[in-house]
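Heads up, the thing below is written out as structure tokens.
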């Protein structure tokens, strides 16, 4: 059974970090997941912060991301949203996607929005992108990031 993670919109926002997270997924170290709603949030924020990026390029970025990681899109999570409790109700869709996809980790920069007490019942843990990457780093007897780092194609 693969190690499944959900990447939150804020974890996918920056180019370098997004590239690294996608390469980790492409290497087979994890099965990365996200939703159209997560991508809408990420791309919407990117478009607001960087109005110089044409909408067509943002659309292309979505397509490339979805093609770069096999089986990345989570669907059918919406019925779970209303029943979930989080400090920021706007983040419930991320937890719902994690539950639906049987993810072990949510990678997010908003750790306070995903309290351990709320996630524990779903066997999900929130990690910062830095901690997540460090957890995937080389250790004896375990696959490592060298495969991800050596990838040649950009997502």
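Only the coordinates and a few stated rules stand behind these numbers; no lab work does. Just so we're clear, the structure is a prediction, and the values are computed from it rather than from any experiment. Cβ atoms come from the backbone with ideal geometry, glycine included; neighbour counts cover every protein chain shown.
How long is the gain from residue 70 to residue 3 if the chain were fully straight, where each residue apart is worth 0.36 nm and the alpha carbon distance is subtracted?
Numbers: separation 67, 0.36 × 67 = 24.12 nm, distance 1.38 nm.
This chain segment gains 22.7 nm when fully extended.
When volume of the Cα convex hull per residue in Å³ is calculated for this entry, the matching label among (1) 176; (2) 133; (3) 117 is (3).
Size descriptor for the range 40-121, Kirkwood hydrodynamic radius: 14.5 Å (Cα pairs only, one decimal). For the chain, adding -39500 (n - 2.57) for each run of n ≥ 4 DSSP H residues and dividing by the number of residues yields -12500 deg cm²/dmol at 222 nm. Placing pseudo-labels 7 Å out from each Cα toward the beta carbon at residue 111 and residue 52 gives an inter-label distance of 3.3 nm.
Diffusion coefficient of the range 1-84 by Stokes-Einstein, Kirkwood radius over Cα pairs, 20 °C, 1.002 mPa s: 158 µm²/s. The value of relative contact order for the range 4-149, using C-alpha pairs under 8 Å at least six residues apart, is 30 percent.
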